[in-house]
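The values are calculated or read from the model by the stated rules, or taken from the named source; none is laboratory data. Since the structure is predicted, the reported quantities are computational estimates derived from the model, not experimental observations. Here Cβ is always computed from backbone atoms with ideal geometry, including for glycine, and neighbour counts include all displayed protein chains. Just so you know, the surface numbers come from the protein's heavy atoms only, side chains and all, with ligands and any DNA or RNA stripped out. Shrake-Rupley method; radii C 1.70, N 1.55, O 1.52, S 1.80 Å.
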Amino acid sequence: MPTAWVIGPLIIKSSFIVLLGSFILGFFFFRIIGPFSKLETKQRLNELISLLIVFVISLWIGKIIINFSTFLSDPRAILAYPSNSEAFYIALLFTLIYTEYKLIDHYQEFLVLLLSFMYVFLSASFVNEFIHITWGYGVEDWGYLMLLVTLLIVLILLQGKITIAQLTSVSIWGWSLGQWFLSVFYQTSVFQFDLDQWFYSVPFISSIILFFYRKKVT
C-alpha cells in the first residue's frame, strides 16, 4: 500500500484515506445496526458528522498551538507536522466544549448522542485496525482488534435488553479498561495517535460520574 497519493499539487496520505473510509463504514454500521428509529438515526448521524468536522478543525488548531513559533515564522510548514497526542487532547477538549454548548440540551439527549458515538467509534476503529493489520500498514495491534470485536459483539447482543444508559456505560467501561490494560504491556494508540496511559482513566471515571448522576436525576 503506497504511503501517499499525489494528485496535482495535493499529497494525500494513505492513512487519511484509510481513516476516512473507516468512518464511512462506521456510519454505515450505525445506520444498519443502531437501536434508534430511522429518523433519529439520521439526526444522530448529522450530529456526529458535525462533531467529526469540528474535531478535525480543532486538531489543526491544536497543532498550531503546539508549534506556534514555527507557525509564526512559516505557516505552511505546519502542514508537514504530524498531529501528535497533545494535539489530539486539545482537539478532544474543544470538541467536548462544542458538544456541550451546541448539541446538548438535556441529559437523555447526551446519552443518546454518546451511545451513537460509541457505535461509530468502535466500528470505525475496528475497520481501521483491520486494514492496518491486513495490509501491513503500521503497527499490528491484535490485542486492540480483539477488544473492539468483543465490544461490538456485546453491543449487538445487549441492544434492546438493557437501557441506553447501561449500554453506554458498558461500552465506555469496556473500551477504557481494555485499553488501559493493554497499555500496561505496550504503547497503545487510537487511530494512530499514541496516547498516554492516564488518558484511559478519563472516560472511565467520567462515565462512572455520569452513571451516578443518572441515578440522582432519575
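Observations
- Cα gyration tensor category, rounded, prolate or oblate, for the stretch 148-218 with a/c compared to 1.5: oblate
- Ligands, DNA and RNA excluded, the heavy atoms of TRP198 present near 140 Å² of accessible surface to a 1.4 Å solvent probe.
- Cβ-derived FRET efficiency at R0 35 Å, GLN192 paired with SER37, nearest 0.05: 0.50
- Förster radius 30 Å - calculated FRET efficiency between GLU109 and ILE24, Cβ distance, rounded to 0.05: 0.75
- Surface composition of the stretch 132-205: carbon and sulfur make up 71 percent of the accessible area, probe 1.4 Å.
- Per residue, the stretch 93-198 exposes an accessible area of 51 Å² to a 1.4 Å probe, with every protein chain left in place.
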